[in-house]
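Accompanying notes for the structure given below.
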Amino acid sequence: MKVCFETFGCRLNRAEALQTEADYLAQGWTTTDSHSDADLIVVRGCSVTARAQHDCERLIDHLRRKYPVKRLIVTGCLPGAQREIRPAAPDAIPVRTARAYLKVQDGCNAACTFCIVPTFRGRSVSVPFDEVLDRARRFMDAGYRELVVTGCNLSQYAADGKRLVDLLAALARICAPTCRIRLGSLEPVPAARDVVALMAENAAFCKFLHLPIQSNADLVLRAMHRPYTSADVESILNDALKRMPLLGLGCDLMTGFPGETEYDFLRTEVLLARYPFSKVHIFPYSERPGTAAEGLGGVVPREIRLARARRLTKTAEAARTRFAGKFIGRDVTLVVEDAAHLAGWTSEYLWCRAAGTYNEPTARKKLRTLHVIRTDGDTLVGIPL
């Protein structure tokens, strides 16, 4: 029996899709990229933005029309999606990716006015502390050398009397020195400061911090019901960079939220230009049915939302290229994803490849160190050490 997977959306969706795939493989299924060859097609959808939902629903409609008798499962964050689809295989470990996705939390207790995710994922639920550690050990036993800690809202992790920083400290003790930890998106709230301090002190952590900032204008943040101010964001960024000067930064930014003025947008644009962001996700605001923001006044015309997103994209590209240039003459460590070119993501979330061709099939998943000799746009090019 063959199963085909189509996955949309965030890193959490990706983690869940990989686990589902591993569970099917453990039950004797094989995977295929061909819809026509598959006995079962699993679509894990996303409706965080109107565009994402449209793309998912278009594919689902196409599959139902072209393969009316083929079994189709729709799951993820979509209206009418199924909740549980995996066969029982609790010991299955995903093997297809070079980095392991370690899900530790799901759901969200926040009430951001633009967000539809709690509608599908519910309130925050954390994976038990010892269960996370056991799964991390099994990932390492399977040969993984980077664990990507992921969840819907990591800052809300709370299990067995432990907070996120406690979990991360325990993971670091397990991983060091043979495996590194990459932290997923972290809300810019007070708990983030403890995590930043731990990251700076411990070599097990990738030196990359992703904050879902959304906006750098306080009026917009209040309208979004975000639990922080622009000053809080800059304070966390400044503290992190003081502790880790070559830290890579990532963020989520939204343009054209109801009431956003040109001045509000400029504040966000300036923030993006001032800091060394290397991974930026930019979204024009889109109305989501049932959210509080859907009924807000001050609607920003769609063409302005898109124009602002394009401006931020250019600023982000320039910031990433500048940041990459700081690593010329330095050694970087990556997890090999492309063995033919010894290429992969560095700790700071920059793509790096070796100069020339190195066909080492056994290098995949392993940690390799390269000395950076130049950049190709925002890609680092180095010599293997």
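As an exercise: evaluate Glu317 against (1) buried (at least 21 other Cβ atoms within 10 Å of the Cβ); (2) in the same structural domain as Asp141 (by TED's automatic domain parsing) and give the number of the one condition it does not meet.
(1)
Just a yes or no: is a residue in segment 357-369 within 30 Å of Glu262 (Cβ to Cβ), surrounded by 15 or more Cβ atoms within 10 Å (Cβ to Cβ) and small (Gly, Ala, Ser)?
No.
Just checking, which of Ala343, Ala339 is in contact with a Cys (Cβ under 8 Å, 6 or more places away or on another chain) and under 13 Å from Ala98 (Cβ atoms)?
Ala343
Would it be correct to say that Asp130 is among the charged types (D, E, K, R), modelled with pLDDT of 95 or more, part of a helix (DSSP H, G or I) and buried (at least 16 other Cβ atoms within 10 Å of the Cβ)?
Answer is no for this residue.
Counting only residues that are in contact with a Ser or Thr (Cβ under 8 Å, 6 or more places away or on another chain) and surrounded by fewer than 18 Cβ atoms within 10 Å (Cβ to Cβ), which one in segment 133-167 is farthest from Phe208 (Cα to Cα)?
Per the criteria, the residue is Ala158.
Being part of a strand (DSSP E or B), under 29 Å from Pro227 (Cβ atoms) and touching a helix residue (DSSP H, G or I) at 6+ places or on another chain (Cβ under 9 Å) narrows it down to one residue among Leu12, Leu102; which is it?
Within the list Leu12, Leu102, the selection yields Leu102.
In segment 271-303, which residue that is farther than 24 Å from Gly9 by Cα and touching a helix residue (DSSP H, G or I) at 6+ places or on another chain (Cβ under 9 Å) is surrounded by the most Cβ atoms within 10 Å (Cβ to Cβ)?
Per the criteria, the residue is Leu271.
Could you pull out every one of the strands (runs of 3 or more DSSP E) wholly within segment 308-385 that has 3 or more residues that are over 20 Å from Glu146 (Cβ atoms)?
Correct list: 367-376.
In segment 106-127, how many residues are in contact with a His (Cβ under 7 Å, 6 or more places away or on another chain) and either of a type in the set (S, T, N, Q) or outside the structural domain of Phe257 (by TED's automatic domain parsing) (or both)?
First, the residues of segment 106-127 that are in contact with a His (Cβ under 7 Å, 6 or more places away or on another chain): 111-113.
Filter again for either of a type in the set (S, T, N, Q) or outside the structural domain of Phe257 (by TED's automatic domain parsing) (or both), leaving 113.
So the answer is 1.
Quick check on my filter: what residues within segment 184-203 are among the hydrophobic types (A, V, I, L, M, F, W, C) and surrounded by fewer than 21 Cβ atoms within 10 Å (Cβ to Cβ)?
Residues satisfying the conditions are Val189, Ala191, Ala197, Leu198, Ala200, Ala203.
A quick yes/no check of all residues on (1) of a type outside the set (A, V, I, L, M, F, W, C); (2) closer than 24 Å to Glu234 by Cβ; (3) without any contact (Cβ under 8 Å) to a residue 60 or more places away in the chain:
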{"position": "Ala159", "(1), (2), (3)": "no, no, yes"}
{"position": "Arg173", "(1), (2), (3)": "yes, no, yes"}
{"position": "Ala176", "(1), (2), (3)": "no, no, yes"}
{"position": "Arg182", "(1), (2), (3)": "yes, yes, no"}
{"position": "Leu186", "(1), (2), (3)": "no, yes, yes"}
{"position": "Val189", "(1), (2), (3)": "no, yes, yes"}
{"position": "Ala197", "(1), (2), (3)": "no, yes, yes"}
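The values are calculated or read from the model by the stated rules, or taken from the named source; none is laboratory data. On a predicted model such as this, the values are computed, not experimentally measured, just so you know. Neighbour counts are summed over all protein chains in view; Cβ atoms, including those assigned to glycine, are modelled from backbone coordinates with ideal geometry.
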